[in-house]
Ligand SMILES: Cc1cc2nc3c(=O)[nH]c(=O)nc-3n(C[C@H](O)[C@H](O)[C@H](O)COP(=O)(O)OP(=O)(O)OC[C@H]3O[C@@H](n4cnc5c(N)ncnc54)[C@H](O)[C@@H]3O)c2cc1C
């Protein structure tokens with residue numbers, strides 16, 4: 001047994017940490033959120049140059065062939081710095097889905113994602129369907145005309161292409177189309193944690209046969225696996241947030257004096273920070289288990305990812321709330337980073353099924 | 001024992017309900033019912049309507065133009081207003097500075113300030129906290145130095161709620177540095193239009209502009225604006241705290257929020273949410289009856305003191321938990337909080353209306369366990385004065 005990261009993985013973590021420290025501080029992040037695109041073109045280019053955009057893709061597709069462990073490292077570090085770039089939407093949700101598919105043109109698309117030249121988004125969710133992603137109302141009729149509306153399409157406003165789940169003759173399909181196709185309309189907004197998100201509707205959109213990425217069981221498996229990997233990624237992000245919440249709160253309370261002493265002297269606050277620390281360690285443990293299962297593509301991987309997601313949903317939110325509370329008024333100030341971890345945790349819990357949902361999934 | 005209200009109290013409750021049904025300004029109700037933020041003018045209209053009915057001085061003695069209500073009546077009034085979804089009454093003038101003025105102020109101050117508070121002609125804000133003095137308020141540093149007929153005030157206050165709307169601010173200032181920190185604090189009333197005052201917004205995590213930093217640079221405050229004696233400000237501040245004991249649990253608003261939540265959840269077929277809502281209902285009932293017990297003790301001549309900290313702690317946790325359940329009920333739609341400026345030129349995305357509203361309250365209500373004496377400080381109070389350790 002060895003539960004340590006190897007040298008290459010440690011170097012990757014340091015590389016990402018260095019980037020976050022030097023290129024992506026809180027003010028930079030604020031700028032990115034307020035910008036038109038809601039991501040930073042230069043930063044994205046840098047991601048490409050570092051090879052991060054091709055990291056999880058198979059070598060056959062021209063990628064680095066890294067897996068869930070490296071992705072988890074990346075997301076943990078992104079979580080600490082609250083990086084807002086659309087890595088999840090373009091690389092994880094769209095790129096890895098294409099990579100695992102048998103879609104004929106995938107190599108070209110993966111190449112464009114890896115070089116940072118193209119954003120692709122996945123439309124998997126619909127209003128009123130909750131966390132059930134396998135019975136979309138969006139449909140492709142026998143003449144290949146697409147109708148329906150997708151919601152919560154992350155980074156939809158920047159996507160050149162869209163991968164859309166839909167039903168055709170009662171069969172589940174994943175299709176891909178250009179976002180500027182006639183009949184596609186995109187309504188974009190910001191999420192609570194500052195990501196760009198869209199609601200996209202399709203009105204009599206003509207789709208031709210070659211646009212089908214996968215059908216039937218293959219499509220179902222592809223989506224399930226992709227969402228599972230995405231859940232792992234956002235959970236790793238949450239683990240990063242939890243570590244930062246604990247660490248930043250510790251630093252803050254050591255520096256904040258009231259009643260003639262640092263407030264970290266008060267034992268009640270010490271215990272609460274110890275709890276935050278413990279929760280962050282336990283979450284890390286579940287992350288390690290889940291990422292190893294996904295790495296092995298084991299039968300049990302869905303269960304372990306659900307265990308992780310339900311755990312971080314609950315304890316992550318708790319840690320972030322505690323962090324805010326222990327910062328006093330500073331905790332609710334928009335100009336302090338700490339409150340943004342809380343927003344991130346709300347967002348992560350809501351994405352892809354919240355704590356209750358995944359607990360049930362784990363138990364079933 | 002009898003847990004029921006008297007006939008008189010029931011009649012009073014009807015009178016309150018009638019006012020809310022008929023005279024609660026419609027344009028304000030329309031907004032609060034739909035979770036839309038109120039403007040300054042809305043708040044003024046609401047308070048003026050109350051004033052017209054003669055209820056602005058809801059916790060004032062009759063001699064100063066107040067209602068002279070019993071604690072039970074006050075409780076009923078608070079609860080019904082909360083249940084009706086009214087915005088919380090602005091406490092700064094009517095229930096914070098006013099009692100200090102009528103108890104410790106001179107006749108001139110009473111005549112000058114109290115009528116305007118009753119008619120809501122002046123908007124007050126509270127200048128206590130400073131960047132370096134939050135929980136440890138007595139360490140405050142904003143300085144007032146006597147110069148002839150004036151004090152010259154220098155320093156800064158922070159987290160000042162709605163200072164951007166305020167005409168006046170009541171401040172704790174340091175007039176003496178020589179003794180222990182609680183001594184040497186004075187209670188000053190300052191006109192916000194005085195030169196040298198600068199108000200800067202602090203935006204909170206819900207995106208709202210609710211609090212501010214207030215900076216004082218050589219601000220000239222006439223000596224006649226000192227309330228009571230110089231150096232006695234800490235005593236007055238403590239007195240003031242004792243005055244806002246009831247209603248802090250926000251019971252009515254929580255009951256309203258619970259009812260809405262149960263209504264939403266009943267349509268979701270989600271046993272987890274149903275269980276959580278049921279648990280909150282039980283806790284809320286416990287809080288309500290605890291408040292009634294404290295009330296009963298008070299009406300029967302008792303002096304519940306520190307116990308009321310229970311209401312602050314549990315009442316604020318309840319508000320937070322309720323808002324969190326709204327967020328959970330919204331599922332994935334919880335992601336979509338546009339901030340106070342709405343969705344701009346874009347269409348509102350689909351999803352339930354309560355999604356954005358729930359999230360905005362969830363973020364906003366984090367403050368309730370921080371301000372008004374943080375919940376940790378309340379527990380310190382309970383430990384010291386009730387448990388005696
Ligand atoms: C939205 C909002 C509105 C406000 N409005 C006003 C206003 O209008 N006027 C005004 O004067 N002030 C206002 N305040 C300020 C408020 O009263 C203070 O935030 C509060 O007193 C806490 O002080 P602090 O923020 O400096 O936190 P700190 O005192 O620095 O506390 C940080 C953390 O340490 C804990 N802590 C501190 N001391 C102890 C101890 N001895 N034992 C255990 N734990 C401890 C606290 O509970 C908190 O969790 C407002 C605050 C907020 C957030």
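Here is a yes/no grid of residues against (1) in a helix (DSSP H, G or I); (2) within 9 Å of chain A (Cβ to nearest Cβ):
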| position | (1), (2) |
| --- | --- |
| B:281 | yes, no |
| B:287 | yes, no |
| B:292 | yes, no |
| B:366 | yes, yes |
| B:372 | no, no |
| B:383 | yes, no |
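So that you can scan it fast, the table gives a plain yes or no per residue for (1) in a helix (DSSP H, G or I); (2) out of contact with any helix residue (DSSP H, G or I) (no Cβ under 7 Å at 6 or more places or on another chain); (3) within 17 Å of residue A:231 (Cα to Cα):
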| position | (1), (2), (3) |
| --- | --- |
| A:1 | no, yes, no |
| A:17 | yes, no, no |
| A:32 | yes, yes, no |
| A:45 | yes, yes, no |
| A:73 | yes, no, yes |
| A:89 | yes, yes, yes |
Exception for residue A:248 within (1) touching a residue at least 60 places away in the same chain (Cβ under 8 Å); (2) within 16 Å of the ligand (Cβ to nearest atom); (3) surrounded by fewer than 15 Cβ atoms within 10 Å (Cβ to Cβ) falls at (3)
By my count, strands (runs of 3 or more DSSP E) wholly in the stretch A:137-217 with at least 1 residues that are within 14 Å of chain B (Cβ to nearest Cβ) and buried (at least 18 other Cβ atoms within 10 Å of the Cβ) are A:145-154, A:184-190, A:196-206
Of the conditions (1) within 10 Å of the ligand (Cβ to nearest atom); (2) in contact with a helix residue (DSSP H, G or I) (Cβ under 8 Å, 6 or more places away or on another chain), the single one that residue B:151 does not satisfy is (1)
Counting only residues that are within 14 Å of chain A (Cβ to nearest Cβ) and either surrounded by fewer than 17 Cβ atoms within 10 Å (Cβ to Cβ) or not in a loop (DSSP other than H, G, I, E, B) (or both), the stretch B:137-159 contains a total of 6
Original post:
Does at least one position in the stretch B:74-96 carry a residue that is part of a loop (DSSP other than H, G, I, E, B) and either within 14 Å of another protein chain (Cβ to nearest Cβ) or within 14 Å of the ligand (Cβ to nearest atom) (or both)?
Top reply: yes
Taking residue B:125, is it touching a helix residue (DSSP H, G or I) at 6+ places or on another chain (Cβ under 6 Å) and within 28 Å of residue A:328 (Cα to Cα)? yes
Per the filter on the stretch B:1-38, residues part of a helix (DSSP H, G or I), under 22 Å from residue B:74 (Cβ atoms) and without any contact (Cβ under 8 Å) to a residue 40 or more places away in the chain are B:7, B:8, B:10, B:11, B:14, B:15, B:18, B:19, B:21, B:22
The number of residues in the stretch A:3-15 that are part of a loop (DSSP other than H, G, I, E, B) and surrounded by 11 or more Cβ atoms within 10 Å (Cβ to Cβ) is 1
Of all helices (runs of 4 or more DSSP H) fully inside the stretch A:298-364, the set with 1 or more residues that are away from chain B (no Cβ under 13 Å) and surrounded by 24 or more Cβ atoms within 10 Å (Cβ to Cβ) is A:301-326
Residue B:180 being without any contact (Cβ under 8 Å) to a residue 12 or more places away in the chain and either within 16 Å of the ligand (Cβ to nearest atom) or farther than 26 Å from residue A:325 by Cβ (or both): yes
Checked against (1) more than 14 Å from chain B (Cβ to nearest Cβ); (2) touching a helix residue (DSSP H, G or I) at 6+ places or on another chain (Cβ under 7 Å); (3) free of Cβ contacts under 8 Å to residues at least 12 places away in the same chain, residue A:274 satisfies every condition except (2)
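Residue-by-condition table, conditions (1) within 15 Å of the ligand (Cβ to nearest atom); (2) closer than 15 Å to residue B:233 by Cα:
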| position | (1), (2) |
| --- | --- |
| B:130 | yes, no |
| B:137 | yes, yes |
| B:161 | yes, no |
| B:176 | no, yes |
| B:188 | yes, yes |
Within the stretch A:260-271, restricting to residues that are within 21 Å of residue A:316 (Cα to Cα) and within 9 Å of the ligand (Cβ to nearest atom), the one that is surrounded by the most Cβ atoms within 10 Å (Cβ to Cβ) is A:269
Residues in the stretch B:346-364 that are surrounded by fewer than 21 Cβ atoms within 10 Å (Cβ to Cβ), within 10 Å of chain A (Cβ to nearest Cβ) and assigned to a loop (DSSP other than H, G, I, E, B) total 6
- Filter pass, residue A:237 being on the phi < 0 side of the Ramachandran plot, touching a helix residue (DSSP H, G or I) at 6+ places or on another chain (Cβ under 8 Å) and within 14 Å of another protein chain (Cβ to nearest Cβ): no
So, first residue touching a residue at least 40 places away in the same chain (Cβ under 8 Å) in the stretch B:373-386, second residue near the ligand (Cβ under 10 Å from one of its atoms) and not in a helix (DSSP H, G or I), Cβ within less than 7 Å, six or more apart or across chains; the pairs are B:374/B:135; B:377/B:135
Verdict on residue B:117 being more than 16 Å from the ligand (Cβ to nearest atom) and within 14 Å of another protein chain (Cβ to nearest Cβ): no
Practice problem: Determine, yes or no, whether residue A:35 is surrounded by fewer than 14 Cβ atoms within 10 Å (Cβ to Cβ), outside the structural domain of residue A:348 (by TED's automatic domain parsing) and out of contact with any strand residue (DSSP E or B) (no Cβ under 7 Å at 6 or more places or on another chain). | Solution: yes
Subset of the stretch B:106-134, residues in contact (Cβ under 8 Å) with a residue 24 or more places away in the chain and in a helix (DSSP H, G or I), comes to B:108, B:109, B:110, B:113, B:114, B:115, B:117, B:118
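The values are calculated or read from the model by the stated rules, or taken from the named source; none is laboratory data. Computed from a prediction, not measured in an experiment: that's the story for all the values here. Cβ: placed from backbone, ideal geometry, glycine included. Neighbour counts: every protein chain shown.
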